[in-house]
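Enquirer: There's a structure below that I have some questions on.
The values are calculated or read from the model by the stated rules, or taken from the named source; none is laboratory data. What you see is a predicted model; the values in this text were computed from it and never measured. All Cβ positions, glycine included, derive from the backbone under ideal geometry; neighbour counts span all protein chains shown. Each accessible area value is taken on the protein alone, full model and side chains, heavy atoms only, with ligands, DNA and RNA left out. Shrake-Rupley method; radii C 1.70, N 1.55, O 1.52, S 1.80 Å.
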Amino acid sequence: MKRDPIKKLCITVLAWSALMAAFFVGGCGPGRHDDGKIIVGVSIPTQREEGWVRNVQGMKAEAKAHNIDLRLQISDNDAARQLSQCENLLAQNIDILILAPHDAAAASVIVEKAQRIGVKVISFDRMVLNAHVDIYLAYDNVKVGEIQGRYLTNLVPKGTYVVLAGAPTDNNAKLFHKGAMKYIKPLADKGDIKIVVDQAVKDWQPAEAMKLMEDALTANRNKIDGVLAPNDGTAGGVIQALAQQKLAGKIPVTGQDAELAAAKRIAEGTQTMTVYKDTRTLAKKAIEVAINLVEGREPGINGRVNNGKFDVPSILLLPVAVDKSNIDKELIESGYMKREDVYRKKGGK
């Protein structure tokens, strides 16, 4: 009996479709790679800051310990480049994407592309806005700002303030600012504090912070009593501007990230404090969470943070304030830094 050519074509198309569907479904989930390794894609915005360098080092070490194939891309603070790099990672058949966005809003496109092919996304250190990320892993960033604001207002409850915030493209900057203003705004509303500058710092650049501080000093005839610097890089820029006026160490300056340069400045007395977020803990947790998500295990959610679209399941770690009183205990005795590095300019301690 002669077979109907149309029917034969339909059977062929259906068979081919089933084969392709099986291929793509089989290509999703753990254990699909010939060598048995989980492939983790990582996209971060920069390596210009010590904290990000430490994060990468930590993730690489943890990935090696768990026999994970880690594929890293660095966008150098360029949203378009980050999108292109993540498209490249997704094309490499990764199991999961750890994404620290340069531009929190623009990165939602990356999450959508990952979702289309069944790749889960961990929003790492910085939240991706307006996107269905699977989990948010970070230190509690509102708490970071609260630590800075509380510390500064306790030290300088009255006076003239310069308030700097991080990059406008970074949602963390908004959270830090929100936390700090919980303590600063009530005193400003009372008239005890006068805020003469309240401005974001483009791309967290120390040179931008330095210029803003120089302008503030000029406009206020050097009469500044306290500076909220959102991180250690911007604190360094602020302190350079203060040093030009021989005011370094005379005006309290906050910070964040516990960078070595900041630890040295705290030891020397030019930076007042920093907020310590142990990158070893964060990097280790990132790989641990990635493995758990790929293998279908509960990752250990301890909160939820709204990203404009929904309340994202979150793992939030607790930061610690560090100043001269506890720098040895927190940064040196913990093994995060070496004593000779922190106190090198003082000839050891």
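Enquirer: Once the Cα gyration tensor of the chain is diagonalised, what are the square roots of 5 times its eigenvalues, in whole Å and ordered largest first, as equivalent ellipsoid semi-axes?
Expert: In descending order, the three semi-axes are 47, 22, 16 Å.
Enquirer: To continue, here is another question. Specify, per residue and in Å³, the volume enclosed by the convex hull of the alpha carbon atoms belonging to the range 147-269.
Expert: Per-residue hull volume (Cα only) is 91 Å³.
Enquirer: Here's a follow-up. State the dimensionless ratio Rg/Rh of the range 177-237 (Rg: radius of gyration of Cα atoms; Rh: Kirkwood radius).
Expert: My calculation puts Rg/Rh at 0.97.
Enquirer: On the Cα set of the range 298-349, report Rg and Dmax in Å, please.
Expert: 18.0, 53
Enquirer: Let me ask another. Can you give the Kirkwood hydrodynamic radius for the range 95-207, in Å, rounded to one decimal and based on Cα pairs?
Expert: For the range 95-207, the Kirkwood estimate is 15.4 Å.
Enquirer: Something else: Pop out the carbon and sulfur fraction of the accessible area of the chain as a percent, whole number, probe 1.4 Å.
Expert: With neighbouring chains kept in place, the figure for the chain is 53 percent.
Enquirer: Which entries of Lys120/Lys182; Lys211/Lys329; Lys190/Lys250; Lys158/Lys324 show an alpha-carbon separation above 29 angstrom in the structure shown?
Expert: Pairs exceeding 29 Å: Lys120/Lys182; Lys211/Lys329.
Enquirer: Roll a 1.4 Å probe over the protein chains and send me the accessible area per residue for the chain in Å².
Expert: Value returned for the chain: 47 Å² of accessible area per residue.
Enquirer: What does the charge dipole of the range 74-114 about its Cα centre add up to, to the nearest 20 debye, if the Cβ of each Lys and Arg holds +1 and the Cβ of each Asp and Glu holds -1?
Expert: That gives a dipole near 40 debye.
Enquirer: Note down the relative contact order for the range 125-205 as a percent, whole number, built from C-alpha pairs under 8 angstrom at least six residues apart.
Expert: 38
Enquirer: Using the crude model of +1 on Lys and Arg Cβ and -1 on Asp and Glu Cβ, and no other charge, please compute the dipole size for the chain relative to its Cα centre, in debye to 20.
Expert: In total the dipole reaches around 100 debye.
Enquirer: Run the numbers for Asn93 and Gln199: contour at 0.36 nm per residue of separation, minus the present Cα-Cα distance, in nm.
Expert: 34.0 nm
Enquirer: Sticking with this one: Output the relative contact order of the chain, whole-number percent, from Cα pairs under 8 angstrom with separation of 6+ residues.
Expert: 16
Enquirer: Please give every one of the aspartates and glutamates within straight-line cross-link reach of Lys202, meaning a C-alpha to C-alpha distance under 14 Å, and leave out same-chain neighbours fewer than 8 residues apart.
Expert: Once the sequence-local aspartates and glutamates are set aside, what remains near Lys202 is Asp76, Asp78, Asp103, Asp170.
Enquirer: Please report, in whole Å, how far the alpha carbons of the range 155-196 spread along each principal axis, starting with the longest.
Expert: Result, largest extent first: 31, 18, 17 Å.
Enquirer: Let me ask something else about it. Pairwise over distinct Cα atoms, reciprocal of the mean inverse distance: report the Kirkwood radius of the range 250-349 in Å, one decimal place.
Expert: 15.6
Enquirer: Hey, how much of the P(r) for the range 49-108 falls beyond 13 Å, as a percent of Cα pairs?
Expert: 65
Enquirer: Express the relative contact order of the range 213-330 as a whole percentage, based on alpha carbon pairs under 8 Å and six or more residues apart in sequence.
Expert: Taking the mean separation of contacting Cα pairs over the length of the range 213-330, I get 20 percent.
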